[in-house]
Amino acid sequence: MGVNSVDAPQWFCSSFVRSARGAGATAPDEDLRAVGQSLLDRWDKPGRHFHNLRHLADVLGRVDELSQETHDPDLVRLAAWYHGVVFDAEDRAAYARKGGEDETASAALALTELEGLGVPDKAAERVAHLVNALVRHAPDPTDFDCAVLCDADLAMLASEPQRYKEYLNDVRDEYAHIPPADYVRARIAILTKLLERRSLFSSPLGAAWENPARQNVDAELQRLRKEQSKLAAAEASQGSSASTGATR
């Protein structure tokens, strides 16, 4: 089970305040906590079955695991807070962006809010840049901060089997309104592109997640291809039955 903004551990807001201070924020603590709570409320909106507070906690935890590889860990942590804060899984948005996360809008929100908290322009712009870099999950290998954020966001792919199964169920629940055949087709396309990449993870420490992630993704892809074949056969059977009925 994930956490919600009412029962969220106290460390959530404290973590945001520390990172904002580390980035140079000059606003009073109460203002920092108010923005942190606003972000928690966004992450906890109804319909966010996977891209929720549990995911935020997971990404922040992974960033901490890889923090020694970053140039500015506080900016990477702030980017984690904002990376999927603007989210809409409705059909139109999901198909337009091949996912509900709106990195461009999230980056713009980060820039506005962080500058409003007194974070220096250069630092706020850097956070926005990191958030935008998640659009393709193909970071510049020389940008260690970006590599760490991307790896932290993809780390779920390397989960142990039971957690990976929960992840798949949560993602499907987020897009429950999408017909099975359309969802399976889109998911297959995403997984195929992932497996075609030379590497899924870009940071040295993140490289340890490569093999388990590929095993999970490959196993899921095989299951989805079987499901796609069954769905196609069922559709063909229904079409045949309808045609036969029409000729009677």
Cβ-Cβ below 7 Å, separation at least six or inter-chain, first residue in region 20-42 and charged (D, E, K, R), second not in a helix (DSSP H, G or I): which pairs?
31/117; 41/5; 42/85
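This table checks each residue for (1) touching a Phe, Trp or Tyr at 6+ places or on another chain (Cβ under 9 Å); (2) under 23 Å from residue 132 (Cβ atoms); (3) of a type in the set (D, E, K, R); (4) surrounded by 22 or more Cβ atoms within 10 Å (Cβ to Cβ).
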position: 31; (1), (2), (3), (4): no, no, yes, no
position: 47; (1), (2), (3), (4): yes, no, no, no
position: 69; (1), (2), (3), (4): yes, yes, yes, no
position: 74; (1), (2), (3), (4): no, yes, yes, no
Answer yes or no: is there a residue in region 185-193 that is surrounded by fewer than 18 Cβ atoms within 10 Å (Cβ to Cβ) and in contact with a His (Cβ under 9 Å, 6 or more places away or on another chain).
no
Residue 22 vs. criteria surrounded by fewer than 20 Cβ atoms within 10 Å (Cβ to Cβ) and either touching a helix residue (DSSP H, G or I) at 6+ places or on another chain (Cβ under 7 Å) or of a type in the set (Val, Ile, Thr) (or both)
yes
Could you say whether any residue in region 54-72 is under 12 Å from the mean Cα position of the chain (by Cα), among the basic types (Lys, Arg), under 27 Å from residue 168 (Cβ atoms) and part of a loop (DSSP other than H, G, I, E, B)?
no
When you look at residue 119, is it buried (at least 23 other Cβ atoms within 10 Å of the Cβ), out of contact with any Leu (no Cβ under 7 Å at 6 or more places or on another chain), part of a loop (DSSP other than H, G, I, E, B) and not small (Gly, Ala, Ser), yes or no?
yes
Condition first: crowded, with 20+ Cβ neighbours inside 10 Å and either outside any helix (DSSP H, G or I) or basic (Lys, Arg) (or both). Now tell me which residues in region 139-174 satisfy that.
139
Within the set of pairs 6 or more residues apart or between chains, which connect a residue that is more than 15 Å from residue 137 (Cα to Cα) inside region 197-217 to a residue that is surrounded by 17 or more Cβ atoms within 10 Å (Cβ to Cβ) and of a type in the set (Val, Ile, Thr) with Cβ atoms less than 9 Å apart?
205/148
Quick check on region 175-191. Is at least one of its residues part of a loop (DSSP other than H, G, I, E, B), out of contact with any Cys (no Cβ under 7 Å at 6 or more places or on another chain) and among the β-branched types (Val, Ile, Thr)?
yes
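Against the definition (closer than 23 Å to residue 228 by Cα and either of a type in the set (A, V, I, L, M) or out of contact with any helix residue (DSSP H, G or I) (no Cβ under 8 Å at 6 or more places or on another chain) (or both)), how does residue 157 come out, yes or no? Outline the logic, then answer.
Values: closer than 23 Å to residue 228 by Cα: yes; either of a type in the set (A, V, I, L, M) or out of contact with any helix residue (DSSP H, G or I) (no Cβ under 8 Å at 6 or more places or on another chain) (or both): yes.
Answer is yes for this residue.
What about residue 181, is it closer than 19 Å to residue 235 by Cβ and out of contact with any Lys or Arg (no Cβ under 8 Å at 6 or more places or on another chain)? First the steps, then the outcome.
On the way: closer than 19 Å to residue 235 by Cβ: yes; out of contact with any Lys or Arg (no Cβ under 8 Å at 6 or more places or on another chain): yes.
Answer is yes for this residue.
What about residue 109, is it at pLDDT 95 or above and surrounded by 21 or more Cβ atoms within 10 Å (Cβ to Cβ)? First the steps, then the outcome.
Details: at pLDDT 95 or above: yes; surrounded by 21 or more Cβ atoms within 10 Å (Cβ to Cβ): no.
Judged against the criteria, residue 109 is not a match.
The values are calculated or read from the model by the stated rules, or taken from the named source; none is laboratory data. As the structure is a prediction and not an experimental result, all values here were calculated from the model. A quick note on method: Cβ atoms are made from the backbone with ideal geometry, for glycine too, and the neighbour counts reach across all protein chains shown.
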